[in-house]
Amino acid sequence: MPGEAPQVCSITHNRDVVSIRQTIRTLAQRCRLSLVDQTKMITAASELARNTLVYGGGGSVTAGVVERDGRQGVAAVFEDGGPGIADVGLAMTDGWTSGAGLGLGLSGARRLVDEFELVTEAGVGTTVTIVKWAR
């Protein structure tokens with residue numbers, strides 16, 4: 001719950017994606033996200049974890065329950081030290097996919113959550129932050 005230390009999970013193998021899905025599900029249930037919102041957050045996190053592994057060469061996610069203005073939600077920050085995203089505009093285009101992920105792409109993940117922030121730099125890596133708020 002708010003005030004608890006966030007959980008940090010490495011993303012280095014396919015099995016880590018499954019573990020991250022379970023972590024996000026547990027956090028979403030703790031802060032009472034609806035079943036639909038749990039599914040949306042888990043799906044977005046799964047896509048971003050897979051992107052971190054496949055395109056970023058691995059990295060980590062830091063996830064936890066957050067609170068703002070009396071509301072609770074789940075936040076997750078995905079970080080990698082990969083090549084960065086060369087064309088953010090293309091990567092954020094609805095329907096665009098490289099063919100390796102779930103077919104959602106970054107734009108699909110963005111639609112599933114309430115807050116989405118992407119920071120990327122060539123040769124430095126990419127950080128994507130997502131939040132889903134309980135209603």
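The values are calculated or read from the model by the stated rules, or taken from the named source; none is laboratory data. Fair warning: this is a prediction, and the values are worked out from it, not measured in the lab. Cβ coordinates were reconstructed from backbone atoms using ideal geometry, including for glycine residues, and neighbour counts include every protein chain displayed.
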Practice task
Working only within the range 1-30, note down all residues that are β-branched (Val, Ile, Thr) and not in a helix (DSSP H, G or I).
Solution key: Val8, Ile11, Thr12
Fill in the blank from the handout: If we ask which residues in the range 28-42 are buried (at least 19 other Cβ atoms within 10 Å of the Cβ) and either of a type in the set (Asp, Glu) or without any contact (Cβ under 8 Å) to a residue 12 or more places away in the chain (or both), their number turns out to be 1
Exercise for the section: Could you tell me whether Val66 is touching a strand residue (DSSP E or B) at 6+ places or on another chain (Cβ under 8 Å), in a strand (DSSP E or B), more than 20 Å from Thr126 (Cβ to Cβ) and modelled with pLDDT of 95 or more? Expected result: yes
Handout entry: Any chance Leu33 is outside any helix (DSSP H, G or I) and closer than 21 Å to Phe116 by Cβ
Key = yes
Practice task
Could you identify the single residue in Arg25, Arg71, Arg15 that is of a type in the set (Lys, Arg) and surrounded by 16 or more Cβ atoms within 10 Å (Cβ to Cβ)?
Solution key: Arg25
Handout entry: Among residues of the range 48-58, those that are buried (at least 22 other Cβ atoms within 10 Å of the Cβ) and touching a helix residue (DSSP H, G or I) at 6+ places or on another chain (Cβ under 6 Å), counted
Key = 2
